[in-house]
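Participant: Questions regarding the structure given below will be posed in turn.
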Amino acid sequence: MVKRPKSGRCVHCLQNVDNLTRDHVFPSAWYPDNTLENLQRWTVPSCKKCNEEYGRLEEDLLLRLGICICPEDANSSGISDKVLRSIDPESAKNRTDKRFRERKREKIKKELFQWKTMPTIGLHPNFGVQNNIYYPEYLTILISAEKLERLCHKIVRGITYITDKVFIEENSNIHFFTVDDKAARPILEDMKKNLVTYELPGIKVVRAMTSGNLNAGFYAIEIWGRLKMYAVVKPKKLSC
Ligand SMILES: [Zn+2]
């Protein structure tokens with residue numbers, strides 16, 4: 001018997017739909033390869049449209065972030081290899097797949113910038129030159145700030161739904177920001193008593209409730225111990 005899709009509300013766009021799917025809050029392809037098969041992943045109800053849009057966005061981000069991270073880092077075990085394989089024609093299953101990988105590789109190669117010395121501005125925190133690594137050349141790739149922001153929104157909405165079964169309603173704003181670890185430390189220190197941590201392999205979300213309102217709070221998201229994003233959720237009427 002074919003299971004009929006459920007109707008209900010999408011966590012992302014807040015619309016009521018007849019074709020709810022389950023969307024992975026932490027993209028399923030982003031889990032390190034040492035994640036247990038039977039581990040309960042975070043999923044939330046999502047309309048098909050949002051789920052597919054996020055799928056494309058996450059694929060693009062994974063490709064760009066995956067070539068920037070260190071293959072030896074245990075926090076992102078297997079991610080770098082998987083991304084490099086996805087643009088390696090030698091790993092193709094057939095001729096069509098080979099052409100697809102070749103095109104993808106050419107496209108990404110064209111988007112790489114080469115530098116004599118690494119630029120000091122415009123780099124995402126923690127994605128600059130890493131200590132103790134030899135760089136034969138300095139390469140950078142553009143990562144869309146808008147896509148990172150959308151990913152951050154999705155994780156914030158997802159965690160709020162999973163923990164409280166609450167939707168972040170249209171009367172609340174999600175403010176996305178990125179800062180380096182040094183600048184983030186006093187914020188986290190300040191909220192120390194109110195912090196709750198949610199963790200799965202590859203992702204950690206630290207959340208502080210700043211009032212009794214479930215539609216308000218502070219979120220620190222850390223992916224593979226490397227990509228860090230922050231968000232403040234607050235009712236629109238309190239916005240400056
Ligand atoms: Zn939706």
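The values are calculated or read from the model by the stated rules, or taken from the named source; none is laboratory data. Everything numeric in this text was worked out from a predicted model, so none of it was measured. When we count neighbours, we look across all protein chains shown, and the Cβ atoms used for this are built from the backbone with ideal geometry, even at glycine. The protein model used for the area step is the full one, side chains on, heavy atoms only, and it has no ligands, DNA or RNA in it. Shrake-Rupley method; radii C 1.70, N 1.55, O 1.52, S 1.80 Å.
Participant: Yes or no: Lys165 closer than 29 Å to Val196 by Cβ and modelled with pLDDT of 95 or more?
Facilitator: Values: closer than 29 Å to Val196 by Cβ: yes; modelled with pLDDT of 95 or more: no.
So Lys165 does not fit the description; no.
Participant: Follow-up. Can you pull out every residue in the range 23-73 that is more than 30 Å from Tyr134 (Cα to Cα), open to solvent by 20 Å² or more (accessible area, probe 1.4 Å) and away from the ligand (no atom under 16 Å from the Cβ)?
Facilitator: Ser28, Leu36, Glu37, Asn38, Leu39, Gln40, Arg41, Trp42
Participant: Let me ask something additional. Please go through the range 202-214 and give me each residue that is in a loop (DSSP other than H, G, I, E, B) and surrounded by fewer than 19 Cβ atoms within 10 Å (Cβ to Cβ), ordered by number. Give the steps one after another, and end with the answer.
Facilitator: So the first thing to find is which residues in the range 202-214 are in a loop (DSSP other than H, G, I, E, B), and the list is 202, 209-214.
Correct list: Met209, Thr210, Ser211, Gly212, Asn213, Leu214.
Participant: Of all the residues that make up the range 170-194, how many are closer than 16 Å to Val232 by Cβ and acidic (Asp, Glu)? So that I can check it myself, show each step before the final result.
Facilitator: Of the range 170-194, the ones closer than 16 Å to Val232 by Cβ are 171-179, 183-184, 186-188, 190-191, 194.
From what's left, acidic (Asp, Glu): 190.
Final tally of qualifying residues: 1.
Participant: Here's another thing I want to ask about it. Being among the hydroxyl-bearing types (Ser, Thr, Tyr) and either within 21 Å of Asp88 (Cα to Cα) or surrounded by 12 or more Cβ atoms within 10 Å (Cβ to Cβ) (or both) is the filter here, so list the residues in the range 105-141 that pass it. Don't jump to the end; show me each part of the working.
Facilitator: First pass over the range 105-141, keeping only residues among the hydroxyl-bearing types (Ser, Thr, Tyr): 117, 120, 134-135, 138, 140.
Selection gives Tyr138, Thr140.
Participant: Sticking with this structure for a sec: Which one is modelled with the highest pLDDT among residues in the range 1-15 that are more than 10 Å from the ligand (Cβ to nearest atom) and open to solvent by 40 Å² or more (accessible area, probe 1.4 Å)? It would help to see each step written out before you state the result.
Facilitator: Our first condition is that a residue be more than 10 Å from the ligand (Cβ to nearest atom); within the range 1-15, this holds for 1-8.
Right, trim to open to solvent by 40 Å² or more (accessible area, probe 1.4 Å) and you get 1-7.
Details: Met1: 60, Val2: 61, Lys3: 67, Arg4: 66, Pro5: 69, Lys6: 88, Ser7: 93.
Filtering the range 1-15 for residues that are more than 10 Å from the ligand (Cβ to nearest atom) and open to solvent by 40 Å² or more (accessible area, probe 1.4 Å), the one modelled with the highest pLDDT comes out as Ser7.
Participant: Would you confirm whether or not the range 77-95 contains a residue that is open to solvent by less than 30 Å² (accessible area, probe 1.4 Å), outside the structural domain of Phe177 (by TED's automatic domain parsing), within 25 Å of Glu146 (Cβ to Cβ) and polar (S, T, N, Q)?
Facilitator: Checking the range 77-95: at least one residue is open to solvent by less than 30 Å² (accessible area, probe 1.4 Å), outside the structural domain of Phe177 (by TED's automatic domain parsing), within 25 Å of Glu146 (Cβ to Cβ) and polar (S, T, N, Q).
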